[in-house]
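Participant: Mind having a look at this structure? Questions to follow.
The values are calculated or read from the model by the stated rules, or taken from the named source; none is laboratory data. This is a predicted model, so every value here is computed, not measured. Here the Cβ positions follow ideal geometry from the backbone for every residue, glycine too, while neighbour counts run over all protein chains shown.
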């Protein structure tokens, strides 16, 4: 179970790196940048459009709005930009892992 949580955490970190890289790329359309920013902002906001206290509807907004914004934004971004961002994130992760492995422990 712990390994799955660690793997899930690493996947989330890698995807956030991909989104940051995609947003910074000049080839990314403005609409896609706005949608990705809105999705990330909605995740970080301390409140929801529909409060979680409302049964079913409160959770549905989190399950539908955020993934919907990500899906739509990714559809607007050229495939080459996304692939390049994923390669960059994978390379950064590999370099970071190597750096951690080469550190001396006192």
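Participant: Quick check on residue 52: is it out of contact with any strand residue (DSSP E or B) (no Cβ under 8 Å at 6 or more places or on another chain), at pLDDT below 90, surrounded by 15 or more Cβ atoms within 10 Å (Cβ to Cβ) and assigned to a loop (DSSP other than H, G, I, E, B)?
Facilitator: no
Participant: Out of curiosity, is residue 62 farther than 26 Å from residue 93 by Cα and assigned to a helix (DSSP H, G or I)?
Facilitator: Yes, satisfied.
Participant: Oh, and also: Would you pick out the residues in region 13-42 that are assigned to a helix (DSSP H, G or I), surrounded by fewer than 16 Cβ atoms within 10 Å (Cβ to Cβ) and out of contact with any helix residue (DSSP H, G or I) (no Cβ under 6 Å at 6 or more places or on another chain)?
Facilitator: Scanning region 13-42 gives 13, 15, 16, 20, 24, 30, 34, 37, 41.
Participant: Quick one: residue 87 ticks every box in (1) part of a loop (DSSP other than H, G, I, E, B); (2) without any contact (Cβ under 8 Å) to a residue 12 or more places away in the chain bar one, so which box is it?
Facilitator: (1)
Participant: Quick one: would you say residue 93 is modelled with pLDDT of 90 or more and either out of contact with any helix residue (DSSP H, G or I) (no Cβ under 7 Å at 6 or more places or on another chain) or on the phi < 0 side of the Ramachandran plot (or both)?
Facilitator: No: the conditions fail for residue 93.
Participant: Being part of a helix (DSSP H, G or I) and on the phi < 0 side of the Ramachandran plot: is that true of residue 67 here?
Facilitator: yes
Participant: Go through region 60-73 and count every residue that is buried (at least 17 other Cβ atoms within 10 Å of the Cβ) and either modelled with pLDDT of 95 or more or under 16 Å from residue 18 (Cα atoms) (or both).
Facilitator: 3
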